[in-house]
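Remarks on the structure that follows.
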Amino acid sequence: MNIRKLIAASACAMTIVAAQTPPPANPQNGRGARGGGRGPNFPQQTRPLAAPEVLARGKALYGVHCSACHGGDLRGGDQGGPNLLRSMLALGDQHGELIGPVILGSRQDKGMPAFNLLATDTTALAEYIHSVLALVGRQGSPPGGEGGANLKILVGNAEAGKAFFDGKCASCHSISGDLKGIATKFPEPRTLQNTWVSGGAGRGRGGRGGGEDPSAKPTTVTVTLGDGRKVEGRLVRIDDFDVSLIQSNGVRQTIAREGDAPKVEVHDPNAAHKALVPTLSDKDMHDVTAYLATNK
Amino acid sequence: MTPMKKVLLSISSLSLFLQGQAQNGLDPVDILKPLSDQWTTYSGDYSGKRYSALAQINQTTVKNLGLAWVTRVTAGTGPSGSAPGGGGGRGGGASAPIIVGGLGTGDLNTGGARFSGSILQVNGILYLSSPDNAWAVDARDGTILWHFYWKTRGGTHTGNRGLGMWHNNLYLETHDDMLVCLDATTGREKWHKEIASFDQQYFSSMAPIVVGNHVLVGTGNDLDAPGFLQSFDPETGDRQWIHYTVPMNAGDPGVDTWASLDAARHGGAQVWIPGSYDPETHLYIFGTGNPTPAYTTGRGEGDNLYTCALVAVNVDTGKMAWYYQTSPHDTHDWDSTETPILVDAPFHGAMRKLVLTATRNGYFFTLDRVSGEHLVTGKFGLVNNWASGLDSQGRPKRDPGKDATVPGSLVNGDVTNYPPPAYSPDTGFFYVPENNSLRISYLIDDDPRGSMGLGGTMGGGGLSFGSALIALDYKTGKVAWRHMLSGGSSGLLTTAGKLLFGGDGSGNVVAYDPASGKPIWHSRIGSVGNAPETYMLDGHQYLLAVGDDQLFAFVLH
């Protein structure tokens, strides 16, 4: 990924960074993803689909002859047929010239049976396979990628979570006070967990990207100048050479830094969670989430 | 004069001028020289050290380092900024000619120039690239001499890592899988060859590495395809050999580290960042990418050779001499493609030929580069929690509890990435950017067949613990110093002037003291691309750095 993205990613530190992250993309599962870097625009996604009646014929044939071995979703099946959505042969095929001979029996020695089908049928099967390949998402994720909605996230023990909360969280939070109804505010368990672990501030959304909530508590900074005067405000930027802040009267100020002078104290509202989270076990995390989830 | 005539005139006068300039191009034997006046290959020389012998800019003089020129570089067919001063067009510089190639319709190339690769400097001319684009720029004054633009057919547009050069030929990889050979004088295309199947969803972005009469080329793919390194003839573009980085046939060594041959053949291990080359042994040593599917089951419980490994191949034959796996059975999409560094240095009282690498999983390795013998493993990263110690071969032992799980596992993010590390023989330190973060890794596809590509997972709840520039001791693997940064570091450069240059993630290019990490000089130029570079012309040492889409050249005043 490029440096700009590297910075963005490390700033919010939540993106799962892909092998070679392409530029920002619209989450795109459907086809027709045209435009450089906007989701997959390999030939499988950009080529025209066959006519609907051809695809319907291919789909019906696939269901009858192929799905038992290659899976209803083409991702491989119990009876040994490989995943066709990552098949080098299927990807290289245009209109059945590579897939057709395999259907007709060229791989019988490897367990792929011969089918006595007409050329129009093998073509229809190939076109149908291409229509499903077209749905492969960004970075090779399988069609229908935004799945997982039915998976059970809440596996923790709410009672153990309460005990942990009383010991480790209650000094700053109260379940009947500031966190009252937290599970109503964040009904989706992943979002609830992401939110409390990261300390909120919009960091809970998950998925790729996702910035901080503009309503989040800002990081502030106090600079003690050589003459003892203190300049305070919202931190805009800090590096080894400058610190920029916006004072309460709205005035932006940049102060040069040289080593430890002037004294700069950064107040990160999220410091408490940054101290706590590295000590959390996954079990503690799941238990606390289960407990917070009861707090509707 | 009509604009068209003006352009034509400037093309012809320009090429006359250029013919006088770059007569012989780059003799491949010049790449064997340690990094000094020129920058002849991705890492500046074959060692990967990014240590320049130039010392005019040094700890004493660096305070006088100031801007020589700045040039904005525009991708696509938009106006080419040829005039110095940010491409504002002042000073009446003629536009550089745009040479158009490619098999696409031209409607897919979008976005500005992105510089995440290296820039060559040969005979006073800089050669640089961005996805689908290449340029020649006068290294003395920043004038753009020509601009080659490739109309892409598509493909995953990651960063382009730079150009390779052989005599007067330049080589560019494109994201629709062509190796394009350009005439370095004119920017005109000599030929292009398909180096991987675009239908099979490969995308190509590595900087080609020229070794003798070999052009080494790697590719990328996210859809469960086998990785490979290839060698091409520099003149004809004919393939000399292909080396697959996963087992491709029944009985191949390593096939038993996969669930099946089918799994191995879809196992990834892409080669997308250049390696380093040892002229004595003829070994090209490079890192391989993650296995696929990246985050889920579907590859068996074995090591998944030769993914996430350091691999040494004989450059004449493409045959593997040794390998060492730096992340067996990776489950986090952490490629080990980072450029390794070759050093001859003392180790336990004897001089050894070493190879050093710091990989994305937050581990550092010192090996013997002739035999591949493991010598040292070190760990870096402030919150690096994905592994539970080392195995008998010094390899990190993955903690399966830290894989993506349905209820979520709290695990560190990648600790470093492709931006190149550097090594200084003056300090004996290996320098690398370090990222420190934790996030919750969720499995969102629990299909027992496994997912595909980088699918099946989702991250959330991220917390950043800051980025840093760190120095590692190759003898112990321990962090010698850590300089915290407010943003993420770029790649690095060290010099005999006892300086370490890098971006600080806050828009500054910075010179640090390589002994301590103390910043000595800086200039705020924007987001610093791949890594700063240096070269010498007419007795002046230049520092070259990318800031966003601009090139900044500094000299001493």
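The values are calculated or read from the model by the stated rules, or taken from the named source; none is laboratory data. What you are looking at is a predicted structure, and each value in this text was computed from that prediction instead of being measured. So basically every Cβ, Gly included, is an ideal-geometry build from the backbone, and we count neighbours across all protein chains shown. Each accessible area value is taken on the protein alone, full model and side chains, heavy atoms only, with ligands, DNA and RNA left out. Shrake-Rupley method; radii C 1.70, N 1.55, O 1.52, S 1.80 Å.
For A:Lys110 and A:Glu232, the difference between the fully extended length at 0.36 nm per residue and the C-alpha to C-alpha distance is 36.6 nm.
The long axis of helix B:3-21 is offset from the longest Cα principal axis of chain B by roughly 80 degrees.
Toward the positive end of the charge dipole of chain B, about the Cα centre and with charges on Cβ (Lys, Arg +1; Asp, Glu -1), which of B:Leu443, B:Tyr323, B:Ser489 goes farthest? It is B:Ser489.
Ignoring any ligand, DNA or RNA, what whole percent of the accessible area of the protein assembly as shown comes from carbon and sulfur when the probe is 1.4 angstrom?
On the way: 16550 of 30780 Å².
Of the solvent-accessible surface of the protein assembly as shown, carbon and sulfur hold 54 percent.
Report, in debye and to the nearest 20, how large the dipole of segment A:43-150 comes out about its Cα centre when Lys and Arg carry +1 and Asp and Glu carry -1 on their Cβ. Magnitude of the dipole: close to 160 debye. Ligands, DNA and RNA are left out, and with a 1.4 angstrom probe the accessible area of segment A:220-267 is 59 Å² per residue. The calculated FRET efficiency for the pair A:Ser244 and B:Glu194, based on their C-beta separation and a Förster distance of 60 Å, comes to about 0.75. Per-residue 3J(HN,Hα) values for segment B:353-369, derived from phi via the Karplus relation 6.51 cos²θ - 1.76 cosθ + 1.60 with θ = phi - 60°, read 8, 10, 10, 10, 8, 10, 9, 4, 7, x, 10, 10, 10, 10, 10, 7, 7 Hz in sequence order (x marks Gly and Pro).
What list of ³J(HN,Hα) couplings, whole Hz, do you get for segment B:124-136 from phi and the Karplus terms 6.51, -1.76, 1.60, once you set θ to phi - 60° and write x for glycine and proline? Those phi angles translate into x, 10, 8, 10, 9, 9, 9, x, 6, 9, 9, 9, 10 Hz.
Charge tally around B:His483: other residues with Cβ under 13 Å, Lys/Arg +1 each, Asp/Glu -1 each, net -3. The phi torsions of segment B:398-412, fed into the Karplus equation with coefficients 6.51, -1.76 and 1.60 and a -60° offset, translate into couplings of 4, 8, x, x, 9, 5, 4, 10, 4, x, x, 10, 8, 9, 5 Hz, rounded to whole numbers, with Gly and Pro shown as x.
Distance from the C-alpha centroid of segment B:133-163 to that of segment A:56-109: 41 Å, rounded to the whole angstrom. What the Kirkwood sum gives for chain B is a hydrodynamic radius of 23.6 Å, with every pair of different alpha carbons counted.
Calculated mean residue ellipticity at 222 nm for chain B: -1500 deg cm²/dmol, from DSSP H runs with n ≥ 4 weighted as -39500 (n - 2.57), summed, divided by the residue count and rounded to 500. Annotation: per residue accessible area for segment A:43-150 equals 47 Å², rounded to a whole number [probe 1.4 Å, protein chains only].
Beyond 19 Å between alpha-carbons counts as too far, so tell me which of A:Lys185/A:Lys296; A:Lys230/B:Lys518; B:Lys319/B:Lys475; B:Lys33/B:Lys63; A:Lys168/A:Lys274; B:Lys151/B:Lys193 fall in that bin. Don't skip to the answer; put the middle values down first.
Values: A:Lys185/A:Lys296 8 Å; A:Lys230/B:Lys518 26 Å; B:Lys319/B:Lys475 30 Å; B:Lys33/B:Lys63 29 Å; A:Lys168/A:Lys274 13 Å; B:Lys151/B:Lys193 15 Å.
Where the Cα-Cα span goes over 19 Å, the pairs concerned are A:Lys230/B:Lys518; B:Lys319/B:Lys475; B:Lys33/B:Lys63.
Using only side-chain charges placed at the Cβ, +1 for Lys and Arg and -1 for Asp and Glu, the dipole size of the protein assembly as shown relative to its Cα centre rounds to 1860 debye.
Taking max minus min of the alpha-carbon positions on each principal axis, segment A:43-150 gives extents of 40, 31, 23 Å, largest first. Inter-label distance, A:Val266 to B:Glu235: 5.7 nm, where each label sits 7 Å from its Cα along the C-beta direction. Accessible area buried by the pairing of A and B, both sides summed with a 1.4 Å probe, works out to roughly 6800 Å².
Normalised by the empirical 2.2 N^0.38 Å for globular proteins, what value does the Cα Rg of segment B:386-436 take? For segment B:386-436, the normalised Cα radius of gyration is 1.55.
For B:Leu216, the residues whose modelled amide H falls within less than 5 Å of its own, excluding neighbours fewer than 5 places apart on the same chain, are B:Ile209, B:Val210, B:Val211, B:Phe232. Buried by at least 20 Å² relative to the chain on its own: which residues of segment A:265-290 qualify, computing accessible area with a 1.4 Å probe on protein heavy atoms? In segment A:265-290, residues shielded by partner chains: A:Lys274, A:Val277, A:Pro278, A:Asp282, A:Met285, A:His286.
The alpha-carbon of A:Lys152 sits under 16 angstrom from the alpha-carbons of these aspartates and glutamates, leaving out residues fewer than 8 places away in its chain: A:Glu188, A:Asp282, A:Asp287, B:Asp445, B:Asp446, B:Asp447.
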